[in-house]
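One structure is given below, encoded as structure tokens.
Taken together, the values in this text are just the output of simple stated rules run on the coordinates, not laboratory data. Small disclaimer: the values here were computed from a predicted structure and weren't measured. Quick reminder, even Gly has a Cβ in these numbers, built from the backbone with ideal geometry, and neighbours come from all protein chains shown.
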Amino acid sequence: MLNLIGVAIAFTVAIILIGKRWNFGISLMIGSIIVGVFSIQNIPPLELVRAFALSFVNHTTLELAGIVILMNTLAVMMQEIGAMTKLINSLRRVFSKDSILAVIPAVFGLLPIPGGALFSAPMVDKEGDKLGVSKENKTILNVWFRHIWFFVYPFSSAMILICSQDFSNINIYDLVAIQIPGFLFMAIIGVLILKRSIPEKVMKENNIKENIERRGLLYLIPIILPIMLSMLISTFSRFPSTTSILISLPFGILALLGLLVIDGLADRNYSKILKKGLSWKLPLAIVGIMTFREMIKASGTVEIISGITSTSYLPAIIIIVLVPFIFGVITGYNLGAVALSYPIIEPLFPLVGANMVAITSLIFTSSLVGYIISPLHLCVVVSCEYFKTDLSKVYKRFVPAALSLVIIDTIFMIPMLG
């Protein structure tokens, strides 16, 4: 049981460090060492060292690290060169003035950057003032629509991780397909929140589309092209879906560079932008996740946890939904919630059914919703700070809306578990 105590301490230490804004990867590395120290009596030291070392050179680790580097580079380039602003300005021609309040954070949500809600907040603030939207509702709309794509966005780092070979090992586009109802339900709730946020008189007066140049819509290409290309590769080849994403992302970057040449912006100094995009923090998070997972497997605690959870009075499906949700809330990090909860609930999978895609959907959705409403979630923090809102007032509408997503998704998935 000493190894189980070590895992409990490791989780506690990692969560405390994450809460203190330590790097996620480093926090999990420290947790991995704690697991190893407490497991020496059960597992030979050389086996623990081997598990620790293999996590660094594991194919999945290298692949996921490459994906997050390329995604972050594309996202930073899109933001730094003003492509997102041009895109949103062109979308004003397509959408009415009230709906643009939702479109702005949704477009920025296509860029998976931590704390990305801060980029959309100034625009949401400006448009919200025109429509008489309160600061609390601006905060809710900014966070809600920022994350609306996460249900079906194959470039979400948490979705890529949970579909990788060392986790569920399913095709990412199978998960995307089964998540569509959840996405639609989140969109419906978002529309209701939007309509309740804008006075009816103001909505009628402002429901006019602006006549603005559409050229900026071309900047959707660097985002859409890699998704379409990866779908084709994973469908018509034997490559795993995660590998297809790694292959496709460079084409998005090349498409963006091509658009810059067309717009006459190719003479910029991109060395600083690339340096900012090539951040070490996200790849280190991947390494930390894989190391922590390998050390837990090597420690033998999975079998102990399996025995404990199988005798629990709670139904297995409740535990599978609840654990990722809790980790999402206490870490404020969707990637971390998936990584930390998966080894704990994995032994319960045979008890709920054989449909791995449906099980993965339950885990992903509950961790996502827990992350969205977490007070540690960076997008929630920066939005509240920017709009100067009281989080307790925001939560009165925000939390019930978010919890309904988990409940509806669970009810929808139960018949599919098989």
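Centre-to-centre separation between the Cα atoms of region 367-402 and those of region 2-72: 29 Å.
Which of the helices in the chain, when you take each full DSSP H run, stretch at least 30 Å along the axis at their Cα atoms and have an average Kyte-Doolittle score of -0.5 or higher?
Passing helices, by number: 59-80, 172-197, 241-262, 391-413.
Between residue 40 and residue 272, the simple label model (points 7 Å from Cα in the Cβ direction) yields a spacing of 5.0 nm. When each of the peptides 58-67, 320-329 is scored by the mean number of other C-beta atoms lying within 10 Å of its residues, the order from highest to lowest reads 320-329, 58-67. Rounded to the nearest 20 debye, the dipole size of region 285-407 about its Cα centre is 340 debye, using +1 on the Cβ of Lys and Arg and -1 on the Cβ of Asp and Glu. Between 138, 20, 276, the residue with the greatest mean-square fluctuation in the GNM of the chain (Cα pairs under 10 Å linked by springs) is 20. With R₀ fixed at 22 Å, the C-beta to C-beta distance from residue 228 to residue 261 puts the FRET efficiency at about 0.50. Tell me, how many Å apart are the Cα centres for region 110-133 and for region 327-348? Rounded to whole Å, the Cα centres lie 28 Å apart. Largest GNM mean-square fluctuation among 293, 146, 397, using the chain with Cα springs under 10 Å: 397. Computed from label points 7 Å out along Cα-Cβ, the spacing between residue 184 and residue 94 is 2.1 nm. Compared with the direct C-alpha span, the chain from residue 126 to residue 80 gains 14.5 nm at full extension, assuming 0.36 nm per residue. With the helix formula -39500 (n - 2.57) applied to DSSP H stretches of n ≥ 4, the chain reaches a computed 222 nm mean residue ellipticity of -24000 deg cm²/dmol.
Placing a pseudo-label 7 Å from each Cα along the Cα-to-Cβ vector at residue 238 and residue 254 gives an inter-label distance of 2.5 nm.
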